[in-house]
Structure formats: structure tokens, C-alpha cells
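What follows is a set of notes on a single structure, which appears directly below.
The values are calculated or read from the model by the stated rules, or taken from the named source; none is laboratory data. Just so you know, these numbers come straight off a predicted model, no measurement behind them. Note: ideal-geometry Cβ built from the backbone for every residue, glycine included; neighbour counts use all protein chains shown.
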Amino acid sequence: MWNSPAEFFAMGGYALYVWSSFGVCALVLILEPLFVRARYKAIVRRLQEERLAEQFDQENIE
Amino acid sequence: MNEVNHLSKTRWFNWLKLSSPSTFYPVAGKLIPIFWILTAIFGIAGLWVSFFVAPVDAVQGQGYRIIFIHVPASWMSMFLYLVMAAWAGLGLVFNTRLSAMMAQALAPVGAWMAFLSLWTGAFWGKPMWGAWWVWDARLTSELILLFLYLGFIALQASIDNPRRADKAGAILALVGVVNVPIIYFSVKWWNTLHQGASVSVTKAPAMAQTMLWGMLLMALCFWMYSIAVGLMRVRAIILEREAHADWVRQLSEVKI
Amino acid sequence: MNAMFAIITRDLLLVMRRKSEVLTALFFFVVVTSLFPLGIGADPALLRKIAPGVIWVAALLSTLLGLHRMFAADYQDGTLEQLVLSPQPLVLLVAGKIIAHWLVCGLPLVILAPIIGIQFDLDVDSLYVLMASLLLGTPVLSLLGSIGAALTLGLRGGSVLMSLLILPLYVPVLIFGAGAVYANSVGLNISGHISLLGALLILALAFVPWVSAAAIKIAIE
């Protein structure tokens, strides 16, 4: 279907539109999970710190 | 875990067992990789069909290929709104926290789908009809759908009490669901009245079989993606909201 | 029923004591509609064309301005809680508040609109249609607005958030209302528009009081 990679990237003259669309789509679909993972890691870290603080308190009270 | 082994395609049956955050959390964790793999499979297949199988269009040239993300994104944005409203409604009726958390987890995904639909719609419209934005019925309704998503997210963000946020969001989502068909119908009416763009941006070229397949595969890809990200986000939400529960403290991730 | 009338009377009495609040919302309506010719130009043909949309959008915005008064004051001083706890069905009390809001914010718009319409060089026929569309439409605006007002009770930045929540819901009313006037001006039949406005009104009357009552209960508890 495509005679050369150059032809593929040119998309019959519509390169700007096609690749902007697919590009932004890929960007969103990659960035969103990354942000969710960061949020998850943040809450896990917070819980770890809280647990450490509890343990510290317990050890020092006894 | 027994729950995982007994999972079937329609998980209504198992859902009742999973309705507490503590049982759902590990199950979700196990499901996430499966959905990422499915996303990749459908995505690769879909992109292959989009770029290497579907033929060039007589009228729109290669530019029409944007349809392979525009239409799936539109479908997903509308589908996810229904699912989100359904979860929120369940949470309201049965007073279950997890259902509300699922709605909260899905809202951003749906909003991004609506945004992608609008973005790709603009980039499709510009070369085909000369304008970045045409006020056709589908695009305008999609814009309002984005506003509905953002309103849901904003409302929940501004209410401190989580249970009030859940219930208020549920009411808003349900009101939105009833209104979306009304809005769509009214925008279509408006469009014909004012004889706006006589061509619709979303009027697709005559569908070759392969084009339909491409759209379907990409739609499945987006669907699996939405489930994967939704499950990821709901796990974070569960931890955030159940932070003081015992089972959270006993988690292996938290015990260092 | 008596409870509903009692609420209407009470709300109207409260408004009478603070007439300035109501008048400012109406003033807003007049001022906003005057801004458009200043911004766009005073060509009568153009004004006639944009009049339905401008007047309707101004009506939407004025209604939004007045919505915070529906529940917020009572929420702050505890009256709303008493209303929720009272033996009267909350639905009736909410309906009463909505009717009072419409009498104060919506009905005056219907009466003022022809005057604004004349400023925009609309002919008499269009003025009638404008009044009819607003008469059917403004109650829907008050009804839908009550949902937003109830959901955002007591929240920081509540008014702006409320506007963002309600405006998408207002779109069909705007389309059919302004569309009726426009259709009439180009000679099309408006029975469809008017029927649809009527249908929206009936639907809203049937469902919204329950929804708003539920939203108030959620905000109170």
C-alpha cells in the first residue's frame, strides 16, 4: 500500500492533521496512566510514612 | 484467590461478592495487566488495519484515517458517561462506597475521550471543510458532554465530605444522562434550523468493510484502555479514602 | 398545598424587604442586552438577527445571578434544615421556592423582554413569540437552576461552579426558545418549537422538584 516510508509519513499531504491527531492521542493515552501511577505511588508512600510513624511512636512509648 | 478463578465475562454475579473495597482492591490489581495486554493487542491490530489495510478514500485521500481515532473516542466518551452514571446511580441507591469510587475513577478517562474526540474532529475538519471548528450537531454535543464531565469532576473536587461528594455527583451524573439525549436532539434541531455546515464533519466516507474493522478494533482498544486506567485510578482512590482501615495497613505495599 | 403557598408567600415577603437584590438582577438583564449593540454595531438588520439569541442568553445569565438566593440564605441561617425536618413533604416546599424564584426572576424578564426587543428593532409578531418562548422557558430555567443551587449549597466558589453545572442543561431551552423567535422571523412554523418548550416544562415540573429535594437532603445531612 505504501511505496516508501517517506510516503507513509507524508500521508498524501495530510501529514500535519493525521499525525497531530494520532500524536496527541498517543500522548494522552501514555501520560494519563503515568499520572495515575504517580498518584498511586504518592498515596502508598504516605501510608508507608504513617505506618513508620506509628511504629516509631509505639517503640518509644514502651 | 478464588474470586479471580471464578471470573466470567459478565461479572454481575461476582460483583456482589466484590462490593467492598477491601475485596475489590486485590482483584483489580490482578486484572489491570490483563487489560493492558488487551489494549496493546487491539491497538496494534487496529493501527495495522488503519494504516496498512484500509484503502485510501476517493474523496478525502489519506486524511480520513483520523476517523480511526475520532469515532472510537466519541463512542467511548458517550459510553463511559453512561457507565459512570450507572456506577454513581448504584452507589446512590445501594449506598455502596465502591460504586461511587468507580464513577470517580472513570470520569477523567471519559473527559479525555471527549477531548480527543473534539481535537481529532478539529484536525479532521480543517483539511476537509476548511475550518478548525464547525458547529455541527455531533461536535457541539461532544463539547457539551465534555462540559458535563468537567462539571462532575469539579463538583466532586469542591465537596470536602466524601460521602456528600459521592451522592451529589451521582445526582449530577444521573441528571446529565437524562439530558444528553435531549441536548443532542436539540442541537441537531438547531443545526437544521440554521442550516449550518451543510456537510457534517463526522459524516464518514462510504464505509468499506476494512474501515469498519479498523474503527471497531480501535474502539475495543480504547475500551480496554479505559478499563485499565479506571482500575488503576480506583485503586489509588480506594487507598486514599480507606487510608485508616486495618486492611490497608496490612497491605504488602504498605508494610515495607 | 397550603405549605407550598406558605413558602411562596414567605419568599416573596423576604424579597419585598430586599427589593434591591431583585432589581439588580433585572438591571443586569437590561445592561447586558445593551452591551451587544455597543460591541457589535447598531445595524438594525444585524440587531434583528441577533436579538433572539442575545435576549435569551441574557435571560439565562440573569436567572443564574438570582439562583443563589433560592436556597443559600436559608441554608446559612438554618431555616432550610428546619424545612427538611418539617412534616411537610420537602418536594412541595422546594416547588414553592422554585415558583417564588420564577415570580421574582423569571416573570419580570418576560415583561421586560418586549422593551428590549424594541431596542433591537423586532417587529410586533416577533415580540409576541419572544414573550411566549420566555414565558414557557423561564420556569424551566428556574427549575433546572434549582438542581444546581441545591447541589452546590455551602460550597466555596459555589456560584461559579453552579453556573458551570447548569449551563449545559440550559442548552436545549436556549435552542428552542431563541430558535422559536428566529424561526418566526424567517417565516417558518413555530409550533414545533413551542411544543418542545412545553414538553421541557412538563418534564421539568414532573421530575425536578424531587431531584432538588434529594440534593438538598444530601447537602444538609
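Residues being touching a residue at least 24 places away in the same chain (Cβ under 8 Å) and more than 27 Å from C:Val181 (Cβ to Cβ) are represented in region C:99-117 by at least one member. Among the residues of region A:51-61, at least one is under 28 Å from the mean Cα position of the chain (by Cα), facing chain B (nearest Cβ under 9 Å) and over 30 Å from B:Ala111 (Cβ atoms).
Scanning region B:220-250 for residues that are at the interface with chain A (Cβ under 8 Å from one of its Cβ atoms) and more than 20 Å from the chain's Cα centre (by Cα) yields a count of 5.
So which residues in region B:127-142 are in a helix (DSSP H, G or I) and surrounded by fewer than 19 Cβ atoms within 10 Å (Cβ to Cβ), if there are any at all? Correct list: B:Pro127, B:Trp129.
Can A:Val18 be described as within 30 Å of B:Gln60 (Cα to Cα) and within 9 Å of chain B (Cβ to nearest Cβ)?
Values: within 30 Å of B:Gln60 (Cα to Cα): yes; within 9 Å of chain B (Cβ to nearest Cβ): yes.
Yes; evaluated as a whole, the condition is true for this residue.
Could we say that C:Val124 is under 18 Å from the mean Cα position of the chain (by Cα), within 25 Å of C:Asn189 (Cβ to Cβ) and of a type in the set (Val, Ile, Thr) here?
Working: under 18 Å from the mean Cα position of the chain (by Cα): no; within 25 Å of C:Asn189 (Cβ to Cβ): yes; of a type in the set (Val, Ile, Thr): yes.
Taking the combined requirement at face value, the residue does not satisfy it.
So which residues in region C:197-207 are more than 9 Å from chain B (Cβ to nearest Cβ) and touching a residue at least 12 places away in the same chain (Cβ under 8 Å)? Let's see the steps before the verdict.
Here is the first cut: in region C:197-207, the ones more than 9 Å from chain B (Cβ to nearest Cβ) are C:197-199, C:201-202, C:204-206.
Passing the criteria: C:Leu197, C:Gly198, C:Leu201, C:Ala204, C:Leu205.
For region B:238-247, a residue qualifies if it is surrounded by fewer than 22 Cβ atoms within 10 Å (Cβ to Cβ) and either assigned to a helix (DSSP H, G or I) or of a type in the set (D, E, K, R) (or both), and the qualifying residues are B:Glu240, B:Arg241, B:Glu242, B:Asp246, B:Trp247.
Within region C:171-195, restricting attention to residues that are of a type outside the set (Ser, Thr, Tyr) and free of Cβ contacts under 8 Å to residues at least 24 places away in the same chain, which residue is surrounded by the most Cβ atoms within 10 Å (Cβ to Cβ)? Walk me through it before giving the result.
First, pick out the residues of region C:171-195 that are of a type outside the set (Ser, Thr, Tyr): C:171-181, C:183-184, C:186-190, C:192-194.
In the following step, the residues that additionally are free of Cβ contacts under 8 Å to residues at least 24 places away in the same chain were identified as C:171, C:175, C:183, C:186-189, C:192.
Working: C:Val171: 20, C:Ile175: 25, C:Ala183: 21, C:Val186: 9, C:Gly187: 6, C:Leu188: 14, C:Asn189: 9, C:Gly192: 15.
The selected residue is C:Ile175.
Do we have B:Gly29 as within 14 Å of chain A (Cβ to nearest Cβ), assigned to a helix (DSSP H, G or I), modelled with pLDDT of 90 or more and over 19 Å from the mean Cα position of the chain (by Cα) here? Explain how you work it out, then say what you get.
Values: within 14 Å of chain A (Cβ to nearest Cβ): yes; assigned to a helix (DSSP H, G or I): yes; modelled with pLDDT of 90 or more: yes; over 19 Å from the mean Cα position of the chain (by Cα): yes.
Judged against the criteria, B:Gly29 is a match.
Contact annotation: no residue pair with Cβ atoms under 7 Å, 6 or more positions apart or on different chains, pairs a residue in region B:154-174 that is facing chain C (nearest Cβ under 7 Å) and farther than 18 Å from C:Tyr170 by Cα with a partner that is crowded, with 22+ Cβ neighbours inside 10 Å and charged (D, E, K, R). Scanning region B:76-120 for residues that are farther than 16 Å from B:Val180 by Cβ and of a type in the set (Ser, Thr, Tyr), we see that the one that is modelled with the lowest pLDDT is B:Thr96.
Of these, B:Ala54, B:Ala28, which one is more than 21 Å from B:Leu116 (Cα to Cα), in contact with a Ser or Thr (Cβ under 6 Å, 6 or more places away or on another chain) and buried (at least 18 other Cβ atoms within 10 Å of the Cβ)? Let's see the steps before the verdict.
On the way: B:Ala28 fails: in contact with a Ser or Thr (Cβ under 6 Å, 6 or more places away or on another chain).
Only one candidate qualifies: B:Ala54.
In the set C:Leu93, C:Leu103, C:Leu107, only one residue is in a helix (DSSP H, G or I), aliphatic (A, V, I, L, M), farther than 29 Å from C:Trp56 by Cβ and out of contact with any strand residue (DSSP E or B) (no Cβ under 6 Å at 6 or more places or on another chain); that residue is C:Leu93.
Scanning region B:37-56 for residues that are under 16 Å from A:Phe9 (Cα atoms), more than 8 Å from every other protein chain (Cβ to nearest Cβ) and out of contact with any helix residue (DSSP H, G or I) (no Cβ under 8 Å at 6 or more places or on another chain) yields one hit, B:Trp48. Taking the stated definitions as given, is B:Ser198 part of a loop (DSSP other than H, G, I, E, B), more than 9 Å from every other protein chain (Cβ to nearest Cβ) and either within 26 Å of B:Trp129 (Cβ to Cβ) or at pLDDT 95 or above (or both)? Answer is yes for this residue.
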